[in-house]
Amino acid sequence: MHNEQPDVSVVIPVYDRASVVHEAIDSALAQDAGGIEVLVVDDGSTDDTAEVVSRRYHNDSRVRVIRRTNGGPAAARNTGIAQARGEYLALLDSDDTWLPAYLDSQLAVLRGGGADLVIANAEWQKDDTGEFLFDHSWFTFPDSLAAMCAGAWTLPSCTVLRTEVARRLGFDEAFRMCDDTDFMFRFHEAGYRCVPNPQVLVHYRAYSGGAAQLSADPERLGLAAYAVLRRHSQAHPEVFRRGPDFDRQIGELLLKTGDIPAARYHLYRLWRARPIAPSSSRLLARALLRRKAGDGGSAAAASESGSGPDYLEVRR
């Protein structure tokens, strides 16, 4: 019954996903674990997503459709968190799906490890052309601030946590992308603990139909990730100390998108690390010769978070 207290609240933010969101919802309802509610937060869709979901699940009291004006994934997640009734909160993106054992496995690891958040592995399916394994063994697991500063990240659809923690921290609505990375920085700053679940229990899909898959846009994703790093670099300057390859990649992106002060910072660091490499000198020269757009550059990356590049000075 709807008025029974669920153990797990599943929050699915959705925007213009009328054709696929039912697959995410069905995978949540098919979980071996009992006692769940599914909160589908329609973030101001311009299609009939909310109506399609309401019609399909009108006889299932476990599913609630919550409508809100468009505010981005973080805002939609916060809306769902505010109405969650379960002790645990499971995040699921609208075009991803879980295997039936997902919640049982995640809760067992979470409870057994005495942690506040658990992260599972996923199989990544890109545009229906093939699959590869997303496995925490081949990148830095986000289990500490040091790991976050070294480049750790995760996927919302792989995450289960205690609802009280999600409610206390919330997702920063200033970030339209990479709000989950910002969340993990603040999660560790607050002293919480996460644990890994090595099982592959999630199908992550870069869906190309309907609304654009933001994570499939490398340039925009790179700028969004940089905005998060910029926000946290003031407290943790080591986020930018990832070596010359990082400085080259970020510097070239910032140079291309017009954030000239930040591009100069990273390309100067690249040149200092590799002063005899012709490409390092060429990139730095390009950055030094480029004029800022307006008074302070376009600050494309900063626009995601509202913070400026002023503190990104070249330090000798």
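What number in nm² do you get for the stretch 241-292 if you take the convex hull of its Cα atoms and divide its surface by four?
Result: a mean projected hull area of 2.9 nm².
Taking label positions 7 Å along the Cα-Cβ direction at both residue 153 and residue 173, the computed distance is 2.5 nm, reported to one decimal.
Values in this text are rule-based calculations from the coordinates and carry no lab data. Every value quoted in this text rests on a predicted model; they were computed, and no experiment measured them. Cβ: placed from backbone, ideal geometry, glycine included. Neighbour counts: every protein chain shown.
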